[in-house]
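Following: one structure in structure tokens, then a few remarks.
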Amino acid sequence: MTRTVHPIEQESFRRLRERLDTSGFAPFTRAVVERVIHSAADLEYAKDLVCDERSLEVAYAALHAGAPVVADVEMVAAGITRREVVCRLKDGVASPGLTRSAHAIRLAYEQVGPGAIWVIGCAPTALEELLVLDAAPALVIGLPVGFVGAAESKAALRQSGLPAVSNISEKGGSAVAAAALNALLYKEIA
């Protein structure tokens, strides 16, 4: 199914490319970087994002073959278009030593099992929980936001060796996490 791109979106990407030369990025990385920058109007993501082209290629194939997509919060799920998303936050229950977000990640893993694409844009504790689950993900988009634990959880993701998209700084959030996944949904192979 071909996606119809609105003229405003076309103009926005034209202006983005006018301000930032993204032609040096590999194709999947470029798609992710541009879509994230577009979602936040923040050109600094070009230097802040950490992507691995081969991991993105594999994730693209898994996504288009029907791999489940899991989001940490409803705002991330709402931003992902053209795809059903599992989000178990409403079912999560906080307990001593376990946040509601972390519990929701456990519940989602019980539901989807290995091979899913995980999109975490809010809670660092959700990303931390995913890292201890041995979930064998197709990809982890780890872009939680905040001053407490966000940068550290993303560093742990990069150190884990899992296929991932992350960034170095504390910034992130639901919109950019959803945008990274949408880049893979929208990408057309030439």
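The values are calculated or read from the model by the stated rules, or taken from the named source; none is laboratory data. Please read these numbers as outputs of a predicted model, since none were measured by experiment. So basically every Cβ, Gly included, is an ideal-geometry build from the backbone, and we count neighbours across all protein chains shown. Only protein heavy atoms, including side chains, enter the accessible area calculation; ligands, DNA and RNA are left aside. Shrake-Rupley method; radii C 1.70, N 1.55, O 1.52, S 1.80 Å.
Of note:
- Leading residue by the ranking (surrounded by the most Cβ atoms within 10 Å (Cβ to Cβ)) among those in the range 147-168 that are assigned to a helix (DSSP H, G or I) and aliphatic (A, V, I, L, M): Leu157
- Filter result for Pro144 (under 17 Å from Ala59 (Cα atoms) and either open to solvent by 20 Å² or more (accessible area, probe 1.4 Å) or assigned to a loop (DSSP other than H, G, I, E, B) (or both)): no
- Residue under evaluation Val119, criteria (1) of a type in the set (A, V, I, L, M, F, W, C); (2) in a loop (DSSP other than H, G, I, E, B); (3) under 13 Å from the mean Cα position of the chain (by Cα), criterion not met: (2)
- Taking every residue in the range 90-108 that is over 14 Å from Leu131 (Cα atoms) and pairing it with any residue that is assigned to a helix (DSSP H, G or I) and open to solvent by 40 Å² or more (accessible area, probe 1.4 Å), at least 6 positions away or on another chain, the pairs with Cβ-Cβ distances below 6 Å are Gly92/Arg100; Gly92/His103; Val93/His103; Ala94/Arg100; Thr99/Thr125; Leu107/Asp91.
- Of all residues in the range 10-33, those being open to solvent by 100 Å² or more (accessible area, probe 1.4 Å) and either assigned to a helix (DSSP H, G or I) or of a type in the set (S, T, N, Q) (or both) number 6.
- When Pro124, Pro114 are screened for being more than 17 Å from Leu89 (Cβ to Cβ) and modelled with pLDDT of 95 or more, only Pro114 passes.
- Residue, least open to solvent (accessible area, probe 1.4 Å), within the range 50-77, restricted to residues that are over 28 Å from Ala26 (Cα atoms) and part of a helix (DSSP H, G or I): Glu74
- Out of Glu84, Glu57, Glu74, one residue alone is in contact with a Phe, Trp or Tyr (Cβ under 7 Å, 6 or more places away or on another chain) and either in contact (Cβ under 8 Å) with a residue 60 or more places away in the chain or farther than 15 Å from Gly161 by Cα (or both). It is Glu57.
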